[in-house]
Amino acid sequence: MRLLSGYIVGLVFGLGIAISGMINPAKVLNFFDLFGTWDPSLVFVMGGALVTTFIGYRIVWRRPVPMLEGAFQLPTNTKLDARLIGGSAVFGLGWGIAGFCPGAALPALGTGQAGVFAFVAALLAGIRAARAVLARQG
């Protein structure tokens, strides 16, 4: 059941990303180009996501435990540190340069475009490099 629900959630997410245009890096980059070819349509995508999340969390938090897990898995770190801020900055810069975020790049693999595969390869290499650096820091 967990596998099936994960598949369905991933399918709905991927379809939403595709329909909204977030798998098109040009559309995303135009959203960030405030003084050029600004395309404000992604504001509605993000607004819809915020509304859905707001309502969804209120429904989910009423349950004592998740439907397919024994407990909610919540982050315990609540401090703003250099690792969080640096990671956020790298994420934002990568999104602004490439026009992809990881969540949109994975469904975009279905387009077969070489640029998407290059982005995902770079993403995986970056994850591996970050893990290696963190492992050395102990």
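The values are calculated or read from the model by the stated rules, or taken from the named source; none is laboratory data. Computed from a predicted structure; not experimentally measured. Here the Cβ positions follow ideal geometry from the backbone for every residue, glycine too, while neighbour counts run over all protein chains shown.
Among residues of the range 29-56 that are touching a residue at least 24 places away in the same chain (Cβ under 8 Å), those with a Cβ under 7 angstrom from a residue that is in a loop (DSSP other than H, G, I, E, B), sequence gap 6+ or separate chain, pair up as 29/99; 45/22. If you go through the range 77-101 and keep only what is of a type in the set (Ser, Thr, Tyr) and at pLDDT 90 or above, you end up with just 88.
Reported count of residues in the range 69-91, each being over 19 Å from residue 117 (Cα atoms), surrounded by 10 or more Cβ atoms within 10 Å (Cβ to Cβ) and not aliphatic (A, V, I, L, M), is 5.
Every residue in the range 59-76 that is closer than 15 Å to residue 2 by Cα and among the charged types (D, E, K, R), please. Residue satisfying the conditions is 69 alone.
For the condition out of contact with any helix residue (DSSP H, G or I) (no Cβ under 8 Å at 6 or more places or on another chain), surrounded by 10 or more Cβ atoms within 10 Å (Cβ to Cβ) and not hydroxyl-bearing (Ser, Thr, Tyr), residue 26 qualifies. Close contacts from the range 102-114, counting a first residue that is at pLDDT 90 or above and a second that is surrounded by 15 or more Cβ atoms within 10 Å (Cβ to Cβ) and basic (Lys, Arg), with Cβ to Cβ under 6 Å and a gap of 6+ residues or different chains, come to none at all.
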